[in-house]
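The values are calculated or read from the model by the stated rules, or taken from the named source; none is laboratory data. All figures in this text were calculated on a predicted structure; none of them were measured in a lab. FYI the Cβ positions are ideal-geometry reconstructions off the backbone, even for glycines, and counts take in every protein chain you see. Heads up: the accessible areas ignore ligands, DNA and RNA and are worked out on the full protein's heavy atoms, side chains in. Shrake-Rupley method; radii C 1.70, N 1.55, O 1.52, S 1.80 Å.
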Amino acid sequence: MIASQLLENEYSGHFGTYIKKAGDGKLIEELEISLHEFIRFVQDIPMDKFDYRYAEGKWTIKDIIQHLIDSERIFAYRALRFSRFDKTPLPGFEENDYAANTNAGSRSIQDLLTEFSALRHSTLLFYKSLSDEQLKSIGTASNNQISARALGFVIIGHQKHHQQVFEERYL
């Protein structure tokens, strides 16, 4: 399944921005490919850039990697709930509150990438375990409808969005 095959009712609101950035590869393959591309990309960033802020109050590269980790955990949790046909609406989360309460700045880039990789492998195993029916199951998150499989593409597109931000504003 590729992102362009998602049905019109499988996502709404701000989720579409990230789904469009996910590209047109198959979900499982893109989850894996994007992991390796991101790690290679980050490993090529000069060490003095990881704690750089392009403007006052903006996140560092380490902060953004931690944000990607936190967000993937939340998106995968939502997908878990929806794939188990849990129809309880799930709230949004305030990303700035999360970012303000991490220790990303004191962590090594290797630790962040190791956690990112471990989490992505867990996400991959989870998505590989789902049936077509489970993948298509729709729930509500942040007051928007979204399917479990659409959330997988959100994970990919969200990562690609932030990689683009790195390229445009940090390097």
*Take every Cα-Cα pair in the chain and report what % of them are more than 24 Å apart.*
34
*Please list 131-141, 42-52 highest first by mean number of surrounding beta-carbon atoms within 10 Å per residue.*
131-141, 42-52
_Amide proton proximity set for residue 12, modelled H, under 5 Å, gap of 5+_ = 145
_Burial order of peptide ranges 92-102, 65-75 (average beta-carbon count within 10 Å, highest first)_ = 65-75, 92-102
_Built amide H within the under 5 Å cut-off of residue 141, gap 5+_ = 90, 146
*Amide H neighbours of residue 25 under 5 Å, counting only residues 5+ apart in sequence or on other chains, H built in-plane at 1.01 Å?*
3
*Determine the shape class of segment 9-106: with a ≥ b ≥ c the square roots of the Cα gyration tensor eigenvalues, call it rounded for a/c under 1.5, and otherwise prolate if a/b is greater than b/c, oblate otherwise.*
oblate
_Most positive-pole-ward Cα, 71, 55, 100, against dipole of the chain from beta carbon charges_ = 71
_Show me the GluC sites (Glu not before Pro) within segment 1-57 that DSSP assigns to loop and that have at most 16 other Cβ atoms within 10 Å of their Cβ._
56
*How large, in percent, is the carbon and sulfur part of the accessible surface of segment 1-122 at a probe radius of 1.4 Å?*
51
*May I ask you to give the solvent-accessible area per residue for segment 69-171, in square angstrom, as obtained with a 1.4 angstrom probe?*
47
_Phi-based couplings in Hz for segment 115-126 (Karplus 6.51, -1.76, 1.60; Gly and Pro marked x)_ = 5, 4, 5, 4, 5, 5, 5, 4, 4, 4, 4, 4
*Name the residue farthest towards the positive end of the dipole of segment 28-171 from the options 127, 139, 165, assuming +1 on Cβ of Lys and Arg, -1 on Cβ of Asp and Glu, about the Cα centre.*
139
*Can you work out the accessible area per residue across segment 20-66, with the rest of the protein chains kept in place, probe 1.4 Å, in square angstrom?*
57
